[in-house]
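None of the figures in this text is laboratory data; all of them are computed from the coordinates on show. Please read these numbers as outputs of a predicted model, since none were measured by experiment. Heads up, the Cβs are rebuilt from the backbone with ideal geometry, glycines too, and the neighbour counts pull from every protein chain shown.
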């Protein structure tokens, strides 16, 4: 981590270069220069933790005054604007990583607490962690062969254990990025603690109003979730075979479809991970190609499929479920295949029942039922996954034993058939 204090005008120049939201930018430009506010510009390498179990992390070498000026969010991360790279907010639970949200260049984050009034906010300082770059990253081909992993470590001069399961892939990717002196970085412009004292002043009024308007629009789903939860409860009482886990999973899938929950997709660029460095390492040092595979890595994604012409597919694993609402995924079925058959029937029944109760054809949630298809995958032949051109591998060399996609749900629009 590296951090420096910069002038307000320098911060404005940086925001202009990334074409930050024009309304918010103009509001920041007009803030009275007599206050001599300053920004903090921070840089992180891939895999560095910014937040660890709810606590903001500062390097011991950083000026202690900076720490004092940036710990105003009850010890959580300060408010900031992403200049370069991306972040993931996640929660580690037993054998898996639960991704909560992602953000990238141009996004503003960390503003809820001071907008609420820190001393009277309902937002908990939860045991979330925040990483520079994506934390929930999974290589599709197996990367657990002893000989190949030892070769990778030797050639890159790194010392990292062979991954035991999916959540360990990130540990290796992080070491690879460091060994290769990766140019990937996460850069953020932090607001100083003065923001919590002046956010309600006349000088900041326009900025606050613009920000509240944006946050209000983005929070529509969460603000109305209490009503939809009531509808889901009624549906559960009407469908005999459905379980609480079923309805929670279906609700999560609907959330993925409208860009409110995270699903997964193949990484195609360096936005969330140093993809080029990892690809080179596994192609040339680990020798994946020698084993007949290409580098394909899944990363978290957030995309609203009903308000776009995109034909992208989003993936949700039933073997590695990431639904935070229902962490103990014991379906009661002897096989994932049997559960997929059951869940498919439950989705059909929910689709038939929900419109009769909600009476909301205008709602994105109801639109999902007519515009989105949930295809169930066993990685068998003629599978929907093999149609996704973002994967480097094809049906001929796809790792059919992959634990993430072997029993998964492919979420796509009806026009992507």
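Inverting the pair-averaged 1/r between distinct Cα atoms of the stretch 176-252 gives 17.5 Å as its Kirkwood hydrodynamic radius. Mean projected area of the Cα convex hull of the stretch 4-106, taken over all directions, amounts to 7.8 nm². Using just its DSSP H runs of length 4 or more, each adding -39500 (n - 2.57), the chain gives a mean residue ellipticity at 222 nm of -10000 deg cm²/dmol after division by all residues.
Work out, in µm²/s and without decimals, the Stokes-Einstein translational diffusion coefficient of the stretch 243-370 at 10 °C, 1.306 mPa s, Rh from Kirkwood over C-alpha pairs.
It comes out at roughly 93 µm²/s.
Assuming R0 = 25 Å, what is the FRET efficiency of residue 203 and residue 84, from their Cβ-Cβ distance, to the nearest 0.05? Mind dumping the intermediate values first?
Numbers: r = 29 Å, r/R0 = 1.14.
That gives a FRET efficiency of 0.30.
Go ahead and run the numbers for FRET between residue 227 and residue 154, Cβ-Cβ distance against an R0 of 56 Å, rounding to 0.05.
On the way: r = 58 Å, r/R0 = 1.03.
Taking R0 as 56 Å, the efficiency between residue 227 and residue 154 is 0.45.
Using the Cβ-Cβ distance between residue 289 and residue 395 with R0 set to 22 Å, the FRET efficiency works out to roughly 0.80. With the convex hull of the Cα atoms taken as the outline of the stretch 56-214, the averaged projected area works out to 11.8 nm². The relative contact order of the chain, computed from alpha carbon pairs under 8 Å that lie at least 6 residues apart in sequence, is 18 percent.
Between the stretch 290-352 and the stretch 208-277, what's the alpha-carbon centroid distance in Å? If you average the Cα positions of each part, the centres end up 13 Å apart. Principal axis extents of the Cα atoms in the stretch 188-320, from largest to smallest and rounded to whole angstrom, are 63, 53, 29.
Annotation: average projected area of the stretch 295-376 is 7.3 square nanometres, based on the convex hull of Cα atoms across all directions. I'd like the Kirkwood hydrodynamic radius of the stretch 324-417, using the inverse of the mean 1/r over distinct C-alpha pairs, in Å. The answer is 15.4 Å.
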